[in-house]
Amino acid sequence: MRNKKAIIIVNSVTMTRVIGTFILPFVSINFRPGELVIYVGLLLLTDAIDGLLARRLKASTVFGSILDATADKLLGIACLAVLSQKYPIMLLPILTEAIITIINMRGAIGGSTTESSFLGKIKTWVLGLGIVLGFATIYINEIIAGINNTTVLGSLIITFLENLAINQEIIMAIIASITVGAGIIVSCDYQNKVKIEMKKAADEGFALNKLVLKSKEDLLYALFDEQYYQKTKGIPIAKKIGEIRNEKNNRR
């Protein structure tokens, strides 16, 4: 495995997002509002950091891409669940995230690629921004209390935030609407992409019941080799980690 240390570093950054997601409910209960917003912001930041490191260190792998996508989904849904405790409307973006996940899983087992599209990446950033703004909106009064009101700038910021605080429900509805809208657009895009690619895979003889995992050595190579990841971009994940066995091969 090439760049072993770099791959470990990149995947460790991604794992911090996974671990941080699982302890988010504890943090939301025991941390102060400002600390919670910073915590969520740092978790979201790891998504950009691991991607940057993977490219700079040439440590992009199939396993890393799967882990990264899983971490993103878990964090997004967990944050929305915390927000929905105060504003149930934030349950709607969870629904669209679940729909996108189902579409991608269906595509993965049907011979489609699962790589994020341009629209998907934009949706991820929209969702991340919406989550940060959502937490900031919920705890806006606590944020106001921490601003120095003795300066002109501080007074102006406080006045602006106080006006926002009066309309928290409207702001949260706007955030939910934008994130849901982005989710619907991306789910339609992915559905169309999956439909086309699954048909193409079927025409080429792909069938889930004919798929078997690669041997242990080949599977480790497929999951953790950077060059393999680069040369198999655009290839369905099922074909990256498995191979189709036809009846002739089975008789052998």
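Quick note: the coordinates plus some simple rules give every number you see, no bench work behind them. Just so it is clear, the model here is predicted, and its values are computed rather than measured. Positions of Cβ are generated from backbone atoms using ideal geometry, with glycine treated the same way; all protein chains shown enter the neighbour counts.
Below are the figures for this structure:
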{"quantity": "Inter-centroid distance (Cα atoms) of segment 54-102 relative to segment 103-149, Å", "calculated": "8"}
{"quantity": "Whole-angstrom gap from segment 168-209 to segment 222-246, using each part's C-alpha centre", "calculated": "23"}
{"quantity": "Under 15 Å, Cβ to Cβ, from Leu74 - net charge with Lys/Arg +1 and Asp/Glu -1", "calculated": "-3"}
{"quantity": "Under-18-angstrom lysine pairs by C-alpha in segment 60-217, whenever the two are 8 or more apart or on separate chains", "calculated": "6"}
{"quantity": "Kyte-Doolittle at least 0.0, axis length at least 24 Å by Cα - qualifying DSSP helices, the chain", "calculated": "4-22, 33-56, 62-84, 91-109, 118-138, 168-203"}
{"quantity": "Protection-proxy order for peptides 192-198, 162-168, each taking the mean of Cβ atoms within 10 Å per residue, highest first", "calculated": "192-198, 162-168"}
